[in-house]
Amino acid sequence: MRKSTLWKIIKNELVYWILLIILSAFFMYLVNTGAQRQILLMIGMLNIVVLQAWFVRIFLLFSGRKISQYSDVIQRISLRERVFEYFVLPTIFLSTFMLFLFFNKGVLMGYWVFILCMLIMFVMFVNVKSSLRHIYRINMVTKGVFDFICIITFYLSLNILFRIGLDVGLAMLLSFVIAFLLFLAELQLHDCIDMISVFVSLASSLFVALCIGCFIFQNIFVITSIGTVAFYLIVALWNVRFVGKYKLKDYLTPFLYCIISLILIFSL
């Protein structure tokens, strides 16, 4: 994407993105200074309102286009078909991010997650706005952004679960439930929800939970990293299938990435 094109897409959205940065940074500051929970809740809700306001604005402005240059008839994207991707999933992501900031005790870790999540927000803004040109489906690049949002959401959720001191069995159960719900979100993104895919999601969630269980007595970095790698592996394999690839070599790349990730995890 050329710089001029990128600037044209994002220039009117920078105000919302900067507001999200300011509110999220203020939220993190209040958490680190021990502010009252009522104030944190108010700032968190305001952050979500800003995000939703952007999606409402962008959808109203760019969800329709003329059926041809010779007609004034407007063809509009179905809100019902996009409500999950454009409203529900980003809200879950932002809420999980703020919950992570609330429970996180490492200041440096908080800064890294803050930078990562704000960059993801920027990329999401760019891709959602550009993808509204596609009337009948969300383009593959934007789906990839939402895939990454699901993976980061799962990582942040695991961090929350294992930082609040839950019983091991309960933490494992909740890890399974969160993985299952996010796998269903993945299926919704790709319009692939049916009875068979639900059972596959259950089996995949069990696989992720078992991977976490094998390292449950390791430190929190290892537990959350292993769980996220397992979750990524399932998502990556699904995506290979979603794009219609069947050759064995197409499925080897996600395994290679996971092996490299595991080497890095256990070498740190």
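Of everything listed in (1) within 19 Å of the chain's Cα centre (by Cα); (2) β-branched (Val, Ile, Thr); (3) in a helix (DSSP H, G or I), the single unmet condition for Ile260 is (1).
If you check Ile39, Ile43, which single one turns out to be within 21 Å of Phe122 (Cβ to Cβ) and modelled with pLDDT of 60 or more? Going through Ile39, Ile43 in turn, the sole match is Ile43. For Val198, the conditions (1) assigned to a helix (DSSP H, G or I); (2) at pLDDT below 90; (3) out of contact with any helix residue (DSSP H, G or I) (no Cβ under 6 Å at 6 or more places or on another chain) all hold with the exception of (2). Can we say Ile160 is in contact (Cβ under 8 Å) with a residue 60 or more places away in the chain, part of a helix (DSSP H, G or I) and crowded, with 16+ Cβ neighbours inside 10 Å? The answer is yes for Ile160.
Selection over the stretch 188-204 of residues that are closer than 20 Å to Val83 by Cα and surrounded by fewer than 18 Cβ atoms within 10 Å (Cβ to Cβ) gives a count of 5.
With respect to being over 20 Å from Asp147 (Cβ atoms), in contact (Cβ under 8 Å) with a residue 60 or more places away in the chain and β-branched (Val, Ile, Thr), Ile223 fits the description. Applying a threshold of 6 Å to beta carbon distances and a minimum spacing of six or more residues, or different chains, the list of pairs starting in the stretch 242-255 at a residue that is closer than 17 Å to Asp147 by Cα and ending at one that is exposed (fewer than 14 other Cβ atoms within 10 Å of the Cβ) is empty. Within the stretch 51-74, no residue that is over 22 Å from Ile21 (Cβ atoms) sits with its Cβ atom under 6 Å from a residue that is surrounded by 11 or more Cβ atoms within 10 Å (Cβ to Cβ) and modelled with pLDDT of 85 or more at 6+ positions apart or across chains.
Taken over the stretch 240-254, the criterion of being exposed (fewer than 12 other Cβ atoms within 10 Å of the Cβ), part of a helix (DSSP H, G or I) and not aliphatic (A, V, I, L, M) is satisfied by Lys249 alone.
The values are calculated or read from the model by the stated rules, or taken from the named source; none is laboratory data. On a predicted model such as this, the values are computed, not experimentally measured, just so you know. Counting neighbours? That spans all protein chains shown, and the Cβs are built from the backbone with ideal geometry, glycine included.
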